[in-house]
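First up is the structure itself, then whatever we jot down about it.
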Amino acid sequence: MLTRLAVTPEALEVITLLEEKFGPLMFYQAGGCCEGTQPQCFEQGGFMLRSGDVCIGQIKGYDFWLDKDLFEYWKHMHFTLDVTEGHGPGGFSLETPYGKTFQVKYRLFEPEELIQLEPVRYKSYD
C-alpha cells in the first residue's frame, strides 16, 4: 500500500522536540479561516475533531487529520510535512514558540498510484 503522508528529517527533529516537551501529539490541517491551510500540531486530544474529518496517516505514530472538506479537495495529493523558520498565520501550533512553522508540500498522485493508496480513517461519533 502507498501512503498519503511523508515527513522530512527537519520536521521529524521538531516533532521529537515537541513530543519530549508535551508528550503524545496530533496534527490537524483545516480548510481555511484564521489558520489558513497550514498544518497545526497539538497535544494529543488538544483539538476537537469533527465528525467526518479524515486521518490520512501517521507521523511517528501520531495521527494527521484533515478537515473533511479539505480532504475532498486534496484527496488526489501526497502530503509531505516539512518545517520552516518563522511564524505562520495560525500561531496555535505547538512549534510556534520555537520560531518554527509546519508546512505541507504537495504532489499529485500518478494515476497508477491512486489504486495503491492505503485507506483513510474517518472520525465518527457514536
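The numbers here are math on the coordinates, done by the rules we state, and not lab data. Model, not experiment: these values are computed from the prediction. Every residue, glycine as well, gets a Cβ built from its backbone with ideal geometry; the counts of neighbours run over all protein chains shown.
Starting from the exponent 0.38 and prefactor 2.2 Å, build the expected Rg for the range 34-95 from its residue count and divide its actual Cα Rg by it. Spell out each step's value before the answer.
Details: Rg = 11.9 Å, N = 62, 2.2 N^0.38 = 10.6 Å.
Here the Cα radius of gyration is 1.13 times the empirical estimate.
In the range 1-110, which trypsin sites (Lys or Arg not before Pro) are in a loop and have at most 15 other Cβ atoms within 10 Å, using DSSP for the loop call? Spell out each step's value before the answer.
On the way: sites: 4, 21, 50, 60, 68, 75, 100, 105, 107; in loops: 4, 50, 60, 75.
Hits after loop and neighbour filter: 50, 60, 75.
Could I have the simple spin-label model distance between residue 68 and residue 21, label points 7 Å from Cα toward Cβ, reported in nm to one decimal?
Calculated label separation equals 3.3 nm.
Please list the equivalent ellipsoid semi-axes of the chain, computed as the square roots of five times the alpha-carbon gyration tensor eigenvalues, in descending order and whole angstrom. All intermediate terms of the calculation are to be shown ahead of the outcome.
On the way: eigenvalues 100, 55, 40 Å².
Ellipsoid semi-axes (Å, largest first): 22, 17, 14.
Considering only the chain, what is the antiparallel percent among its DSSP beta bridges, to the nearest 5?
Working: 21 of 28 bridges.
Restricted to the chain, the bridges split so that about 75 percent are antiparallel.
Report, ordered by chain and residue number, the lysines lying within cross-link reach of residue 21, taken as a straight Cα distance under 23 Å and ignoring same-chain residues fewer than 8 apart.
List returned: 60, 100.
Kindly provide the helix-only [θ] at 222 nm of the chain, computed as the sum of -39,500 (n - 2.57) over DSSP H runs of four or more divided by all residues, to the nearest 500 deg cm²/dmol? Numbers along the way, then the final one.
Numbers: 3 runs with 25 residues, N = 126.
Per the formula, -5500 deg cm²/dmol.
What aspartates and glutamates sit close enough to residue 105 to cross-link, taking a C-alpha to C-alpha distance under 18 Å and skipping anything fewer than 8 places away on the same chain?
Qualifying aspartates and glutamates at Cα under 18 Å: 10, 13, 35, 63, 67, 72, 82, 85, 95, 113.
Once you charge only the Cβ atoms, +1 for Lys and Arg and -1 for Asp and Glu, what is the size of the charge dipole of the range 20-105 about its Cα centre, to the nearest 20 debye?
Numbers: 7 positive and 11 negative charges, 20 e Å.
Dipole magnitude for the range 20-105 comes out near 100 debye.
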